1. Quick one: T331 ticks every box in (1) at pLDDT 90 or above; (2) under 20 Å from K35 (Cα atoms) bar one, so which box is it?
2. Pick out the one residue from Y48, Y54 that is in a loop (DSSP other than H, G, I, E, B) and surrounded by 14 or more Cβ atoms within 10 Å (Cβ to Cβ).
3. Mind listing whichever residues of region 5-27 are hydroxyl-bearing (S, T, Y) and either within 16 Å of L89 (Cβ to Cβ) or not in a helix (DSSP H, G or I) (or both)?
4. Give the residues of region 92-124 that are basic (K, R) and in contact with a Phe, Trp or Tyr (Cβ under 9 Å, 6 or more places away or on another chain), sorted by residue number.
5. Can you give me the ranges of the strands (runs of 3 or more DSSP E) entirely in region 90-142 with at least 2 residues that are among the hydrophobic types (A, V, I, L, M, F, W, C) and in contact with a Cys (Cβ under 7 Å, 6 or more places away or on another chain)?
6. Could you please give the count of residues in region 282-324 that are crowded, with 17+ Cβ neighbours inside 10 Å, of a type outside the set (A, V, I, L, M) and under 21 Å from D34 (Cβ atoms)?
7. Under the condition of being more than 23 Å from T324 (Cα to Cα) and part of a loop (DSSP other than H, G, I, E, B), which residue from region 248-282 is modelled with the lowest pLDDT?
Amino acid sequence: MYHILETLFNHLIKKNIISVSPFEESFFLYKRLDKKVKLTREIIELNYGNESPYDNKLNITSIFNNKNLYLWFHKKDTVSKPLPSALLLFRSLAIKYKNTICIFKGEPNKILIIKNNQLVASFIKKNIHDRDIILMKEEYFVEDVEFFNENEFKDGFKHLTYNDLLNILHLKMDFTKVMNDFIKWSALPFLISSIFLMFIIGGYDFYKQMGNEKLLEEYTHKKNLTQKMKDSITKNEELNEVFTILSNEFKYIDKAVVLSEILQISKDLNISLEFIRIEDMNVNFIVVTKNEEKIPLFTTKLFKTTLFNDVKNISSQKLRKVLTKATMQATLKER
């Protein structure tokens, strides 16, 4: 499996679809989420874009696995999709080092801190003294320290995961375009063709999701499709179940419009949207803010959009005595 993934990554780099982002040209951020959530590019940019130290705040590579979210903010915009070199080092190191401060000597020094087998910090530092190491140990509660030469672990592609590839493509690449490009490269050796087939099968759910999102996007511009779909239910019994589901979806206010309004109001009030789920007429979402007084204002602004029959705050709780986390519910109006 490692050999197949390595071959695939090398091919994507050769075709300039992916490029390795230098350690010193990216800023790393680790987040441990409270629960498994479905993160989209828009939600990541909205919640974490303002933490980028660079002007191009939205050039982000994200790796999300279980409840661990790795974010790299890139200094430069490139045509190809950035693959952080720190990720390559981490995947190689994590095979052996589970709780270790890893220091790669060089100009500058590269530092990765692995705790509980997760990458919790990654940065560069020109000079490292004994006092610096003591401070890192105290801050991250990690005792072991290992030093490496700058050129060690150059075989990082061997240890990248299928999940790494899917996450990078999910945030940075048009999946349909990638498939079309692979078809154009049909003259590749049989091994690469086999990899492509595995890639399609493994990414089926992701592709299906993008197809559904595209369908909803087209619907917002062509609302007359709703009636045509409803009429088709009686004409084709084999597709009856599919169209019934779509009919229920289109019964209420457009989901894309609702999500757009919630995201915009959250951004205007500087409120972080941690989770959102829309099913039929029901909307459930969780928001986090430093100002508890913004919660009722958030509710009021949602009402003013005239998209909802009801919006209410189910519960609120304090996080670290600074943040307020509110669980909210709303119901959509019919068209």
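The values are calculated or read from the model by the stated rules, or taken from the named source; none is laboratory data. As the structure is a prediction and not an experimental result, all values here were calculated from the model. Note that we place each Cβ from the backbone using ideal geometry, even for glycine, and neighbour counts take in every protein chain shown.
1. Every listed condition holds for T331 apart from (2).
2. It is Y54.
3. S19, S21, S26
4. K105, K110, K115
5. Fully inside region 90-142 and qualifying: 109-115.
6. 5
7. The selected residue is F250.
To keep it simple, each residue is scored yes or no on (1) at pLDDT 95 or above; (2) at negative phi; (3) surrounded by 14 or more Cβ atoms within 10 Å (Cβ to Cβ); (4) assigned by TED's automatic domain parsing to the domain that holds P53.
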residue	(1), (2), (3), (4)
I101	yes, yes, yes, yes
I113	yes, yes, yes, yes
N116	no, no, no, yes
K126	no, yes, no, yes
R131	no, yes, no, yes
